[in-house]
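Report on the structure given below.
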Amino acid sequence: MPHAAVHDVATIADALRARGACRLPDFPDAAAARALREDLDRLQAAGALASAAVGHGASLGQRAEIRGDATLWLDDARTGRAAAAFLASLDGLRIELNRRLFLGADEVEAHYAAYPAGARYARHRDRFRDDDARVISFVSYLNPDWRDDDGGALRLSLDDGDIDVVPRTGSICFLSELEHEVLPATRERRSIAAWMRRRPR
């Protein structure tokens, strides 16, 4: 899978066009990732995260056998400066990718996600059948001491086969129509999930 720095938007756009995914090994950078981890530590200690739901509209509900993480949106008033700065970085990237890929994406949404040991997120697509608002998905990892045998990989289905992304540091971006799943881990796994969205048509 292609690797790119966040400032190398042309490489990111080319990878999304050609393969549907790109790895950003240095985004967020070390200082930003540390600040995000500290923010998430504080929020978890305060009990701010809530069990995540699946589906949308009338089918929205909690199903732990499908999805076991707890989340908090980054634009929540309880999050700190690191969350606001990260959202601003993603929005800048959205503008640049729009110019190259004509995505029509006009907003970014993102949330913290904490998966306890053993939790998973079953195979799914971020773009719903009846709602094509999400066009690009991001997952950014906040686990710098993660070992490969801790598990918890993101399994992403590409045209030439599945790839497993170890949830250590950096980010992966991919087309929201691609199927993916979060595999169970032996320890808590922390990340940020984000989407570039356009207005539903």
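Could you grab me the full set of residues in the range 10-29 that are in a strand (DSSP E or B) and in contact with a His (Cβ under 7 Å, 6 or more places away or on another chain)? Talk me through it step by step, then tell me what you get.
Filtering the range 10-29 for residues in a strand (DSSP E or B) gives 21-24.
The one that is in a strand (DSSP E or B) and in contact with a His (Cβ under 7 Å, 6 or more places away or on another chain): ARG23.
Which of the residues belonging to the range 27-57 are modelled with pLDDT of 95 or more, under 23 Å from ILE136 (Cβ atoms) and touching a strand residue (DSSP E or B) at 6+ places or on another chain (Cβ under 9 Å)?
Kept after step one, since they are modelled with pLDDT of 95 or more, are these residues of the range 27-57: 27-50.
Still in the list and also under 23 Å from ILE136 (Cβ atoms): 27-29, 32-33, 36, 40.
Within the range 27-57, PHE27, PRO28, ALA33, LEU36, LEU40 qualify.
Pairs under 8 Å by beta carbon, first residue under 18 Å from ARG123 (Cα atoms) and modelled with pLDDT of 70 or more in the range 61-79, partner in a loop (DSSP other than H, G, I, E, B) and of a type in the set (Lys, Arg), six or more apart or different chains?
ARG67/ARG120; GLY68/ARG120
Restricted to the range 171-201, and to residues that are assigned to a loop (DSSP other than H, G, I, E, B) and basic (Lys, Arg), which residue is nearest to ALA83 (Cα to Cα)? Walk me through it before giving the result.
If we filter the range 171-201 for residues that are assigned to a loop (DSSP other than H, G, I, E, B), which is where we start, we get 176-179, 183-184, 186-188, 198-201.
Subsequent filtering for residues that are basic (Lys, Arg) retains 187, 198-199, 201.
On the way: ARG187: 24, ARG198: 21, ARG199: 23, ARG201: 29 Å.
My answer is ARG198.
Please verify whether ASP162 is acidic (Asp, Glu) and assigned to a strand (DSSP E or B), treating the condition exactly as stated.
Numbers: acidic (Asp, Glu): yes; assigned to a strand (DSSP E or B): yes.
Yes: the conditions hold for ASP162.
So in the range 142-198, with the set limited to residues that are within 22 Å of ALA33 (Cβ to Cβ) and among the basic types (Lys, Arg), which one is surrounded by the fewest Cβ atoms within 10 Å (Cβ to Cβ)?
Ranking the qualifying residues of the range 142-198, first place goes to ARG147.
Answer with yes or no whether ARG168 is assigned to a strand (DSSP E or B) and in contact with an Asp or Glu (Cβ under 9 Å, 6 or more places away or on another chain). Quick ask: steps written out before the conclusion?
On the way: assigned to a strand (DSSP E or B): no; in contact with an Asp or Glu (Cβ under 9 Å, 6 or more places away or on another chain): yes.
No, not satisfied.
Filter the range 20-34 down to residues that are surrounded by fewer than 18 Cβ atoms within 10 Å (Cβ to Cβ) and among the hydrophobic types (A, V, I, L, M, F, W, C) and give me whichever is nearest to the chain's Cα centre (by Cα).
Selected residue: ALA32.
State whether the residues of the range 151-169 include one that is on the phi < 0 side of the Ramachandran plot, in contact with a Pro (Cβ under 8 Å, 6 or more places away or on another chain), polar (S, T, N, Q) and modelled with pLDDT of 95 or more. Show your work before the answer.
Let us first name the residues in the range 151-169 that are on the phi < 0 side of the Ramachandran plot, namely 153-160, 162-169.
Keeping just the survivors that are in contact with a Pro (Cβ under 8 Å, 6 or more places away or on another chain) gives 153-154, 168-169.
Checking which are polar (S, T, N, Q) leaves us with 169.
Filter again for modelled with pLDDT of 95 or more, leaving 169.
Checked against the condition, which is being on the phi < 0 side of the Ramachandran plot, in contact with a Pro (Cβ under 8 Å, 6 or more places away or on another chain), polar (S, T, N, Q) and modelled with pLDDT of 95 or more, the range 151-169 yields at least one hit.
Filter the range 152-201 for residues that are within 11 Å of the chain's Cα centre (by Cα) and of a type in the set (Gly, Ala, Ser) and give the result.
Those that are within 11 Å of the chain's Cα centre (by Cα) and of a type in the set (Gly, Ala, Ser): GLY170, SER171, SER176, SER191, ALA193, ALA194.
Of the conditions (1) hydrophobic (A, V, I, L, M, F, W, C); (2) assigned to a loop (DSSP other than H, G, I, E, B); (3) under 15 Å from the mean Cα position of the chain (by Cα), PHE86 satisfies every one except a single condition; which number is it?
So PHE86 meets the others, but not (2).
Residue by residue through the range 124-150, note down the ones that are under 17 Å from the mean Cα position of the chain (by Cα) and part of a strand (DSSP E or B).
Answer for the range 124-150, where residues must be under 17 Å from the mean Cα position of the chain (by Cα) and part of a strand (DSSP E or B): HIS124, PHE128, ARG134, VAL135, ILE136, SER137, PHE138, VAL139, SER140, TYR141.
What about GLY92, is it more than 18 Å from the chain's Cα centre (by Cα) and at pLDDT 95 or above?
On the way: more than 18 Å from the chain's Cα centre (by Cα): no; at pLDDT 95 or above: yes.
Against the criterion (more than 18 Å from the chain's Cα centre (by Cα) and at pLDDT 95 or above), GLY92 does not qualify.
Using the structure shown, decide if LEU103 is modelled with pLDDT of 95 or more, of a type in the set (A, V, I, L, M) and either under 23 Å from SER89 (Cα atoms) or in contact with a strand residue (DSSP E or B) (Cβ under 8 Å, 6 or more places away or on another chain) (or both). Can you show your working first?
On the way: modelled with pLDDT of 95 or more: no; of a type in the set (A, V, I, L, M): yes; either under 23 Å from SER89 (Cα atoms) or in contact with a strand residue (DSSP E or B) (Cβ under 8 Å, 6 or more places away or on another chain) (or both): yes.
Judged against the criteria, LEU103 is not a match.
The values are calculated or read from the model by the stated rules, or taken from the named source; none is laboratory data. Predicted, not measured: the structure shown is a model, and the values here were computed from it. When we count neighbours, we look across all protein chains shown, and the Cβ atoms used for this are built from the backbone with ideal geometry, even at glycine.
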